[in-house]
Protein chains: 2
Amino acid sequence: MLYVQLHLTLPAWVHDEVDAAADYTSDDAKMALAIRLSRLNVAHGTGGPFGAAVFSGTHRLIGVGVNRVVPQSTSIAHAEMMAFATSQQRIQQFRLNAEGGPVTLATSSQPCCMCYGASVWAGIDRLLIGARADDVESLAGFDEGPLPSDWAGELEKRGIEVLRDLRREEACTVLADYGRSGKVY
Amino acid sequence: MLYVQLHLTLPAWVHDEVDAAADYTSDDAKMALAIRLSRLNVAHGTGGPFGAAVFSGTHRLIGVGVNRVVPQSTSIAHAEMMAFATSQQRIQQFRLNAEGGPVTLATSSQPCCMCYGASVWAGIDRLLIGARADDVESLAGFDEGPLPSDWAGELEKRGIEVLRDLRREEACTVLADYGRSGKVY
């Protein structure tokens, strides 16, 4: 019998911990949420140390994501993928900026090779990144996978602005704490 | 209110059209199924012209996928992603080859930049490709996105064998028919 259904969820604590009605006006506030999600995901034992959030216009939160790979036995359930997909479900558009932008993704760590590609199709205008790929690999032991040599330039070419090193130290602290726990999957 | 659920489905025709118990022993038979899925997906109006299937060992079908981007308003719902995720759900492993391989993905067209990255994490040992990226772009008008310059070599480095041009003409026919319909999303 083939499986024809895919049902993925975010942890229940998301409703309690995330203020969906707040104004996330600055890039700093957007990144702070993404990093807080990464930390809470580890604290609650609900997945790996990665968080992401999608914002519409200057300040409105559309959706969030955390890594759910191990709890849900699904390799595609990275934080950015969960944020893209749940946000698209909410607005019922397969391009997040279909009805106008800018749409921003804030992610606690540089997207891996899969989430990088997904960022090209999701309909975002801006990509905010906390920790660098090197940080993810050296502090938490995760492989980021093969990327185009000028990965940021390729996004810029497609109209996606890339901002790096936002609250990088804080993002790295979450990765380092996770790395020390020895739980890397 | 944030969305914390993601529910994606394959079309109902999958149960009628796919023989889940058959032996897909040869690479040719594996690719024939992937291409048939791509054609049926267009014929039934259930998504874009892409199909994929996951096989365990020499011949056993584990799961299938077709493109569901437009019907389900989700940019991550490419054929390969649906095949990976539904197969992982079935065996309850986030690495398809966690309990031994080889695991093979057959896909009607070369994976785009997202599905390429997903192939690195899914736990496959072999990647069978029908149409080339150039075919997808020239015949059906889809962008394949930015890839590492030696994308196949990067997979081989990670132990994933890449075989190209399997039943390429047949795969191209589906793409060309779709391209002529002018429906490209």
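A short reminder: the numbers here are calculations on the coordinates, not readings from a lab. Just so you know, these numbers come straight off a predicted model, no measurement behind them. When we count neighbours, we look across all protein chains shown, and the Cβ atoms used for this are built from the backbone with ideal geometry, even at glycine.
Considering only C-alpha atoms, what is the centroid distance from region A:121-144 to region B:52-122, in Å? The two parts, judged by their Cα centres, are 23 Å apart.
Relative contact order of chain B, taken over Cα pairs closer than 8 Å and 6 or more residues apart, is 18 percent.
Projecting label points 7 angstrom from Cα along Cα→Cβ for A:Lys183 and B:Asp165 puts them 4.8 nm apart. The residues packed around A:Ile124, meaning those with a beta-carbon under 13 Å from its beta-carbon, carry a net charge of 0 if Lys and Arg are +1 and Asp and Glu are -1. Highest mobility in the GNM of chain B, judged by mean-square fluctuation with C-alpha springs under 10 Å and restricted to B:Ser149, B:Ser73, B:Ser109, is found for B:Ser149. The A:Ala12 and B:Asp16 beta-carbon pair, evaluated with R₀ = 45 Å, returns a calculated FRET efficiency of approximately 0.75.
Listing A:Ile91, A:Ile35 from the residue with the fewest other Cβ atoms within 10 Å to the one with the most, what is the order?
Sorted ascending by nearby Cβ count, the order is A:Ile91, A:Ile35.
Could you check what % of the DSSP bridge pairs in region B:1-147 are antiparallel, to the nearest 5? For region B:1-147, the DSSP antiparallel bridge percentage is about 70. Among B:Asp165, B:Asp150, B:Asp19, the residue with the largest mean-square fluctuation in a Gaussian network model of chain B, with springs joining Cα atoms closer than 10 Å, is B:Asp150. GNM remark for chain A: springs join alpha carbons under 10 Å apart, and the peak mean-square fluctuation among A:Gln92, A:Gln72, A:Gln110 falls on A:Gln92. Counting only other chain Cβ atoms within 10 Å of each residue's Cβ, the peptide A:57-64 averages 1.
Only four residue types carry charge here, +1 at the Cβ of Lys and Arg and -1 at the Cβ of Asp and Glu. Report the dipole size of region B:27-185 about the Cα centre in Debye, rounded to the nearest 20.
540 debye
Using a 10 Å cut-off on Cβ to Cβ distances, tally the other chain neighbours for every residue of B:6-14 and report the average as a whole number.
Rounded to a whole number, the mean comes out at 5.
With label points set 7 Å from Cα along Cα→Cβ, the inter-copy distances at B:Asp134 are 3.7 nm, sorted shortest first.
The residue among B:Pro146, B:Cys115, B:Thr86 whose Cα reaches farthest toward the positive pole of the charge dipole of the protein assembly as shown, with charges on the beta-carbon of Lys, Arg, Asp and Glu, is B:Thr86.
If you sort the three axes of the alpha carbon gyration tensor as a ≥ b ≥ c, you get a/c of 1.5 or more for region B:1-130 and a/b no higher than b/c, which makes it oblate.
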